[in-house]
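Below is one structure, written out as structure tokens; the observations come after it.
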Amino acid sequence: MRVVPSQLVLLGHPVAHSLSPAFHNAALRSAGLPLEYRALDVAPAQLADVVRALVARGAAGNVTVPHKRAVAALCDQLTEVARRAGAVNTWWTDDGRLFGDNTDVGGFNFTVEQLLGRRPANQRVALLGAGGAAAAVLVAAERWPNSYVRVHARTAGRAVDLCEPFGEHAHAVRTLDEALDGATLVINSTPVGMTDDLMPLAVERLPRKAAAIDLVYRRGGTAWVRALRARKRVAVDGLPMLIEQGALAFERWFGGRADREAMWNAVR
Ligand code: NAP
């Protein structure tokens, strides 16, 4: 158990703020904690000053787009997972020092285990997108036995840079076909489908044996996952990962177990 935070703040962009306050406040109420979790829009130029002020007040919280890498750089200490991802989504303060973790990795692993019904192994992963969420996928997947990830992104250089620290576990590929060839798991880590019904990949292009994970989440699910399930394909959207990363963050801040049922009820 760490020092109880004075306040809980999500730092990020308004579009990414939609569901987190609802389920975090549900978990706080369930635990009888007299705190309110709130979202704070922060411009990149203001981030360092805002974080400094929050550290001085003994706050804790989360970070979302576009600040995950910047907050990692501001931390005095990172967990191994956050260091590997180069990004922080969960932070807290202790004695004037800023600590950072990345619970997206645990949230993603939880989602994969639920989807497959077992611990992942022997996976050929096609990963669409090469941003912060993609980094969490690579950190998780590098520990899966006999598995590798092929990353396809519209800015090819970003995929190359993302894969570089992961050696044989991750390769940037030029075409979508190369990424999809023989894939057992196809993961969307682009924001496509977040605010509309666009799909990151036409449903008929999902390889025959592949399951799909859309990291994008929306109340009511994403159009891509709905369309895949209508064709009896195994697919899940980003909501289980979102709730689990939030529950793991709660457990970092307070030590006790987060009430996942209350969190789910807040977003259904
Ligand atoms: P990010 O760092 O901005 O990276 C986004 C990636 O998607 C980049 O490679 C970007 O390419 C690409 N991209 C953006 N728009 C695209 C488009 N229209 N078509 C094709 N590629 C596009 O974002 P992020 O933090 O990785 O987040 C990505 C998504 O994952 C968001 O929707 C976020 O909400 C979701 N997410 C979910 C969870 C969860 O718990 N379920 C956790 C984290 C993130 P460029 O470099 O060319 O822009």
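FYI, it's all coordinate maths here, none of it is from the lab. It should be emphasised that the depicted structure is a prediction, and the values quoted were computed from it without experimental measurement. As a convention, Cβ positions derive from the backbone with ideal geometry for all residues, glycine included, and neighbour counts pool all protein chains shown.
Numbers at a glance
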read-out: Calculated from backbone phi, Karplus (6.51, -1.76, 1.60) coupling profile of segment 140-150 in Hz, x at Gly/Pro; value: 5, 5, 5, 9, 7, x, 6, 9, 8, 10, 10
read-out: Inverse of mean 1/r across different Cα pairs in segment 199-268, Kirkwood, Å; value: 13.5
read-out: Cα gyration tensor, segment 1-115 - rounded (a/c under 1.5), prolate or oblate; value: rounded
read-out: For segment 34-47, Karplus couplings with θ = phi - 60° (6.51, -1.76, 1.60), whole Hz, Gly/Pro x; value: x, 10, 10, 8, 9, 9, 10, 6, 10, 6, x, 5, 8, 4
read-out: Distance between modelled label sites at Asn146 and Ser6, nm, 7 Å Cα→Cβ extension; value: 5.4
read-out: Difference of contour (0.36 nm per residue) and Cα-Cα distance, Asp76 to Arg219; value: 47.9 nm
read-out: Amide H partners (placed H, <5 Å) of Asp237, local residues excluded; value: Asp214
read-out: Spin-label model distance (nm) - Gln46 vs Arg233, 7 Å beyond Cα toward Cβ; value: 4.1
read-out: Cα-projected label distance for Glu168 with Arg154, points at 7 Å along beta-carbon direction, nm; value: 3.5
read-out: For the chain, convex hull of alpha carbons as volume per residue, Å³; value: 121
read-out: Footprinting exposure proxy for Met199, Met263 (fewest neighbouring C-beta atoms within 10 Å first); value: Met199, Met263
read-out: Global geometry of segment 14-69, whether rounded, prolate or oblate, following the gyration tensor of its Cα atoms and the 1.5 cut on a/c; value: oblate
read-out: Length gained when the stretch Arg118-Trp264 is fully extended (0.36 nm per residue, less Cα-Cα span); value: 50.3 nm
read-out: Estimated translational D of segment 136-266 in µm²/s (Stokes, Kirkwood radius over Cα pairs; 20 °C; 1.002 mPa s); value: 132
read-out: Space enclosed by the convex hull of the alpha-carbon atoms of segment 65-111, per residue, Å³; value: 67
read-out: Relative packing of 36-44, 132-140, which averages over residues the other C-beta atoms within 10 Å, highest first; value: 132-140, 36-44
read-out: Part-to-part distance (alpha-carbon centres) for segment 206-267 and segment 100-132, which is given in Å; value: 11
